[in-house]
Every structure is written in structure tokens, then in C-alpha cells.
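Chemist: Starting off with a structure, shown below.
Bear in mind that the values in this text are calculations on the coordinates, not laboratory data. Keep in mind that this is a model prediction, so the values were computed, not measured. With ideal geometry, Cβ positions are generated from the backbone for all residues, glycine too; neighbour counts draw on all protein chains shown.
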Amino acid sequence: MEDDPPVMESLPKQPLTEANIKEIGESDAVVGAMSFPGEQEVRGFVLEHEDSFTVLVFDHRTETWRKLNQYDKDEISVQTAIQWAVDDRTEWFADTGRLSEL
């Protein structure tokens, strides 16, 4: 059965730190990584690729990272990608009946 949204197995099964996000952002595989604003522990972030942004959130119930969305870089700015990512996360938690977890 396919995950909806898909699970990102390469990430640790826990929220990340800003140091983790910085390290991911310095990887050759991505252009950068930006955490959601105002979080004590990183439970959501955006990966910036050459041609797209990928929205990832941590699901505490399953202890997995999930890929919620991907946006074409030609269509939006980094600031818009972060705002849309926060909106995606809020919508996903609302759709799964877990909005109180935010």
C-alpha cells in the first residue's frame, strides 16, 4: 500500500534541530533547507532543489517524516514556498483530525 503522503525514510525518526537543517541545506543533493518559522524543534521544513521546493513534516504518531507537497520553483519565491508549506502542514493535520497537535 502506498503512503499518502509518502514517508521519507532517509530522515531520522524524530524532529530535527536547526543544526540538522543547516547540515541538510549544505548537502550536495539540495540547494538549501529552511525550517518552518517559530518552532522550538523542527517538525516541518522546506527543501530547495534546483527546480523545486519540497514540503516535509514530522508525523509524531508514526515517528516518520512525510512529503506533503512539491512546488515548481519557476512559479513561486522562497518566502511563498515557506508560507504554502505551513499552510500545507496545517491542512494535512486538519484533514487527519489532528489539528490540536500543532
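Chemist: Between Ser77 and Leu11, how high is the FRET efficiency from 1/(1 + (r/R0)^6) when r is the Cβ-Cβ distance and R₀ = 25 Å? Nearest 0.05.
Modeler: On the way: r = 25 Å, r/R0 = 1.00.
Result of the calculation: an efficiency of 0.50.
Chemist: Let me ask you something else. Rank Val78, Val55, Thr90 by how far each Cα sits towards the positive end of the charge dipole of the chain (+1 on Lys, Arg Cβ; -1 on Asp, Glu Cβ) and give me just the farthest.
Modeler: The listed residue farthest towards the positive side: Thr90.
Chemist: Could you list which residues have their amide H under 5 Å from that of Met8, counting only those 5 or more apart in sequence or on another chain, with H placed in the peptide plane?
Modeler: So Met8 has HN proximity to Trp65, Arg66, Lys67.
Chemist: While we're looking at this one, here's another question. If the cut-off is 15 Å between C-alpha atoms, which aspartates and glutamates fall inside it for Lys13, apart from same-chain ones fewer than 8 positions away?
Modeler: Glu41, Asp59, Glu63
Chemist: Please give the length that would be gained between Glu41 and Thr90 if that part of the chain were fully extended, namely 0.36 nm times their separation in residues minus their C-alpha to C-alpha distance (nm, one decimal). Present the calculation step by step, with values, prior to reporting the outcome.
Modeler: Numbers: separation 49, 0.36 × 49 = 17.64 nm, distance 1.65 nm.
Length gained between Glu41 and Thr90: 16.0 nm.
Chemist: Mind listing the phi-derived Karplus ³J(HN,Hα) values for segment 36-45, rounded to whole Hz, using 6.51, -1.76 and 1.60 with θ = phi - 60°, and x for any glycine or proline?
Modeler: Each residue of segment 36-45 in turn: 5, x, x, 9, 5, 10, 6, 10, x, 7 Hz.
Chemist: Next question. Please tell me the relative contact order of the chain in percent, rounded to the nearest whole number, where contacts are Cα pairs under 8 Å and at least six residues apart. Let's see the in-between values first.
Modeler: Working: 160 pairs, mean separation 23.3, N = 102.
Normalised by residue count, the contact order of the chain is 23 percent.
Chemist: State the three equivalent ellipsoid semi-axes of segment 47-102, derived from the C-alpha gyration tensor as the square roots of 5 times its eigenvalues, in descending order and whole Å.
Modeler: Details: eigenvalues 103, 29, 11 Å².
Its equivalent ellipsoid spans semi-axes of 23, 12, 7 Å.
Chemist: Given a Förster radius of 30 Å and the C-beta distance between Arg61 and Glu18 as r, what FRET efficiency does 1/(1 + (r/R0)^6) yield to the nearest 0.05?
Modeler: Details: r = 24 Å, r/R0 = 0.79.
With R0 = 30 Å, the Cβ-Cβ based efficiency is 0.80.
Chemist: Test of understanding: what is the full-extension gain from Val31 to Ser100, defined as 0.36 nm times their sequence separation minus their Cα-Cα distance? The partial results should precede the final answer.
Modeler: On the way: separation 69, 0.36 × 69 = 24.84 nm, distance 3.27 nm.
Here the answer is 21.6 nm.
Chemist: I would also like to ask the following. Mean residue ellipticity at 222 nm from the helices of the chain, using -39,500 (n - 2.57) per DSSP H segment of n ≥ 4 over the full residue count, to the nearest 500 deg cm²/dmol?
Modeler: Numbers: 2 runs with 26 residues, N = 102.
Using -39500 (n - 2.57) per qualifying helix, the result is -8000 deg cm²/dmol.
Chemist: Can you work out the Karplus-derived ³J(HN,Hα) for every residue in segment 79-85? Use 6.51 cos²θ - 1.76 cosθ + 1.60 with θ = phi - 60°, whole Hz, and x for glycine or proline.
Modeler: Each residue's phi maps through the Karplus curve to give 4, 5, 4, 5, 4, 5, 4 Hz.
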